[in-house]
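Here is the structure we will look at.
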């Protein structure tokens with residue numbers, strides 16, 4: 001025999017703070033927690049977009065410095081680090097295309113060898129990152145995403161055998 005809950009007693013989760021806020025039922029507390037989590041996730045996504053936009057500016061500066069003959073090893077290391085972070089964070093916040101573009105840039109940098117990366121090829125990656133962020137392209141980006149990735153593949157192909165297709 002299943003025991004019925006006493007409807008006269010409000011059902012609260014074990015969290016005393018939730019009960020103090022007068023939420024009442026466990027289901028209501030769950031709904032509130034979900035709404036609060038969604039608000040926090042949206043705020044984190046905005047923070048990510050702001051941070052990623054700053055990263056895009058820094059990527060452009062690094063490519064400019066590389067073009068101007070700056071210290072290649074240090075510049076490449078910083079480029080690699082920023083692209084690696086964008087690759088991981090992009091997917092976390094639903095920007096799969098950003099992750100794919102950043103991975104393309106990372107792979108390019110890993111494969112350039114002693115001759116170093118071509119700033120023009122890197123500029124294409126930076127422009128793709130900037131486009132994704134400025135247009136807030138989530139997911140894979142549909143037709144635009146396909147065009148961006150195809151363009152980067154063409155750019156990589158110009159790098160000869162140093163970059164795997």
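Tabulated values for the structure
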item	result
Single residue of 110, 3, 20 found to be modelled with pLDDT under 90 and within 30 Å of residue 153 (Cα to Cα)	110
Boolean, residue 60 is out of contact with any strand residue (DSSP E or B) (no Cβ under 7 Å at 6 or more places or on another chain), under 19 Å from residue 126 (Cβ atoms) and crowded, with 20+ Cβ neighbours inside 10 Å	no
Filtered residues of segment 119-137 (kept if surrounded by 16 or more Cβ atoms within 10 Å (Cβ to Cβ) and assigned to a loop (DSSP other than H, G, I, E, B))	137
Filter result (assigned to a helix (DSSP H, G or I) and surrounded by 17 or more Cβ atoms within 10 Å (Cβ to Cβ)) within segment 103-118	103, 104, 105, 106, 108, 109
Checklist (1) modelled with pLDDT under 95; (2) surrounded by 11 or more Cβ atoms within 10 Å (Cβ to Cβ); (3) assigned to a helix (DSSP H, G or I) applied to residue 52, failing item	(1)
Test: residue in segment 25-44 that is surrounded by fewer than 15 Cβ atoms within 10 Å (Cβ to Cβ), modelled with pLDDT under 90 and not in a helix (DSSP H, G or I)	yes
Residues (more than 24 Å from residue 45 (Cβ to Cβ) and in contact with a helix residue (DSSP H, G or I) (Cβ under 6 Å, 6 or more places away or on another chain)) located in segment 119-155	119, 121, 122, 123, 124, 152, 155
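The values are calculated or read from the model by the stated rules, or taken from the named source; none is laboratory data. All figures in this text were calculated on a predicted structure; none of them were measured in a lab. Cβ coordinates were reconstructed from backbone atoms using ideal geometry, including for glycine residues, and neighbour counts include every protein chain displayed.
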